[in-house]
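The values are calculated or read from the model by the stated rules, or taken from the named source; none is laboratory data. Just so you know, these numbers come straight off a predicted model, no measurement behind them. In this analysis, Cβ positions are derived from the backbone assuming ideal geometry, glycine residues included, and neighbour counts consider all displayed protein chains.
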Amino acid sequence: MGSPIPVGEGTPVGSAATSTSPGLKAPTKRGTELVMLAFAAGLVTLALILVELNQERALTMRIVYLGLAYLALFALAHLAVRRWAPYADPAILPCVALLNGLGLVMIHRIDLAQKDTVFDDGTTWDPVAFKQVVWTAIALSLFAAVLKFLSDHRTLARYGYTFGLLGLVALLLPGVLPGFIAPTINGAKIWLRVGPLSIQPGEFAKILLMVFFAAFLVSKRDLFTAAGRRVLGMDLPRARDLGPLFAAWGVTVAVMVLQKDLGSSLLFFGIVLVLLYVATERAAWVVLGLIMFSGGAVIAWKLFSHVQIRVANWVDPFADYNDKGYQIAQSLFALGTGGIGGAGLGAGRPEMIPESNTDFITAVIGEELGFVGFAALLLIYMIFALRGLRSAIAVRDSFGKLLGGGLAFAVCFQVFIIVGGVTKLIPMTGITAPFLSAGGSSLLANYILVALLLRISDAARGPKVVAKPKLPQPAIADQHTVMVERPK
């Protein structure tokens, strides 16, 4: 393994991080970004048209206006990037725009399928698509505000411990508050309800905790690179240095127990392990972390019924098909119905899947777009993650490398958790699909994440400001001596 990342300024990696000669302006690629945003808007408009046609609804100019409004919304975001982060990666925002647009199309399609649904309490389906558009507009406004007021990502490192405390409080708060403020929804206690609004603080906690861990690991890297005993070819850390890992493990178990939220606990601990590995390049931290998490999961499975239900549904959802296994079974039926090419946009049966517009929206996409469309969706996420990781590698400071890598990995790992649960690869954890699922908290938090990633990318791709070299001053002994006659 190589040496861990250094503290302080490093040498830029790749052509994007090389310094620019005086008088030459580095390319910003903002025109490329705008073209890709227009392409994304065209795909979203085409998807809306297909949904309307397959639902046998009359086509009007309203769809064109919706597509233009969508393009205008992201054009404003593009202008914010052009103004405040001109050198940011041009592919990140178009990937997000396409994912967000596809999510809006699928939520609208699910609204159409559920419009005649009457629930047991006599209420009818409440359309979600318009609310999601409003949340998207608010999220993009917050995205622009972060770019404007955070001119340097390294500023966040100064408040690392404050962010860590706030993130810890936000993560654990729903689990300790009473039910009328933090209700239990679908078996998980992860929401805070304030009047008509509900917020999921864990979505923001992951960003706050990533900032804390990145700042902490940079400032304390010697603590984690010092090796103890060598076992089976691995340099294990010293016992007295395991405190932060045990603390992260304890928080993870607390979330699993208090909130009954397997997804957030797995996501949080996975991010901690990746940041430790990136900072130290030692696989021993990852191995120890996986052993600790596995042990905690086994103990939770032995002690808590909600964990046992999730595992039982993962092993055989058809054993209790009409009750607890119904959701997973319907997801598998939907994916099987979609096959290779899919049933077509608007031609599936999303109303047969519970929580189809949140936790199981990827199953709806798999049914209507098939394996090909599902793979294309994952490819978009992969491009987003790769461009984010590339920016993290190229940025010149250690804090930016850790934070950028953590942000990109968080989105990628979150997709793995939700898709793995929907496809029965891993137990279902009830976590949202970034930019796709309905919900304001997820959108707001993820657009903050994108803004931070673009800020790091701007620092990585921008021209390096090189200070003018100072001319060497000759020694005093080498100076010419001039005799000056004192006037009489």
Next item on the list: Please work out if residue 16 is at pLDDT 90 or above and touching a helix residue (DSSP H, G or I) at 6+ places or on another chain (Cβ under 8 Å).
Entry: no
Check: Would a scan of region 284-293 turn up a residue that is more than 23 Å from residue 176 (Cα to Cα), modelled with pLDDT under 80 and buried (at least 18 other Cβ atoms within 10 Å of the Cβ)?
Finding: yes
Next item on the list: Kindly indicate the residue of region 349-369 that is touching a residue at least 60 places away in the same chain (Cβ under 8 Å) and assigned to a loop (DSSP other than H, G, I, E, B) and also nearest to residue 53 (Cα to Cα) among those meeting that condition.
Entry: 349
Item checked: residue 223 being aliphatic (A, V, I, L, M) and at pLDDT 80 or above -> no
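Check region 442-459 and report whether any residue there is more than 12 Å from the chain's Cα centre (by Cα) and small (Gly, Ala, Ser).
Restricting attention to region 442-459, the residues satisfying the condition of being more than 12 Å from the chain's Cα centre (by Cα) are 454-459.
With small (Gly, Ala, Ser) added as a condition, the list becomes 457, 459.
Yes: region 442-459 contains one or more residues that are more than 12 Å from the chain's Cα centre (by Cα) and small (Gly, Ala, Ser).
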Item checked: Flag for residue 413 being out of contact with any His (no Cβ under 8 Å at 6 or more places or on another chain) and of a type outside the set (D, E, K, R) -> yes
Note to self: Could you list, ordered by first residue, the pairs with Cβ atoms under 8 Å in which the first is in region 111-128 and among the hydrophobic types (A, V, I, L, M, F, W, C) and the second is part of a strand (DSSP E or B) and modelled with pLDDT of 80 or more, at least 6 apart or interchain?
What the structure shows: 118/124
Checklist line | Residue tally, condition part of a helix (DSSP H, G or I) and more than 25 Å from residue 219 (Cβ to Cβ), over region 255-291 | finding: 11
Check: With 81, 64 as the choices, which residue is farther than 16 Å from residue 103 by Cβ and at pLDDT 95 or above?
Finding: 81
Note to self: Just the residues that are over 15 Å from the mean Cα position of the chain (by Cα) and assigned to a helix (DSSP H, G or I), please, taken from region 399-432.
What the structure shows: 399, 400, 401, 420, 421, 422
Margin query: Could you tell me how many of the residues in region 341-398 are within 16 Å of the chain's Cα centre (by Cα) and under 30 Å from residue 155 (Cα atoms)?
Written below: 12
Next item on the list: Go through 111, 116, 126, 152 for me and flag whichever is farther than 26 Å from residue 432 by Cα and of a type in the set (Asp, Glu).
Entry: 152
Notebook entry, point to check: Of the numbered conditions (1) part of a helix (DSSP H, G or I); (2) small (Gly, Ala, Ser); (3) closer than 25 Å to residue 433 by Cα, residue 80 satisfies every one except a single condition; which is it?
Noted result: (3)
Margin query: Quick check on my filter: what residues within region 50-72 are touching a helix residue (DSSP H, G or I) at 6+ places or on another chain (Cβ under 6 Å) and part of a helix (DSSP H, G or I)?
Written below: 51, 63, 67, 70, 71
Margin query: Return the residues of region 50-81 that are more than 21 Å from residue 138 (Cβ to Cβ) and buried (at least 16 other Cβ atoms within 10 Å of the Cβ); say none if nothing qualifies.
Written below: 50, 51, 52, 54, 63
Next item on the list: Check 426, 448 and return the single one that is surrounded by fewer than 24 Cβ atoms within 10 Å (Cβ to Cβ) and modelled with pLDDT of 95 or more.
Entry: 448
Next item on the list: Would you check which residues across region 145-174 are small (Gly, Ala, Ser), touching a residue at least 60 places away in the same chain (Cβ under 8 Å) and surrounded by 19 or more Cβ atoms within 10 Å (Cβ to Cβ) and list them?
Entry: 157
Next item on the list: Test residue 435 against the stated conditions and say whether it is part of a helix (DSSP H, G or I), aromatic (Phe, Trp, Tyr) and under 16 Å from the mean Cα position of the chain (by Cα).
Entry: no
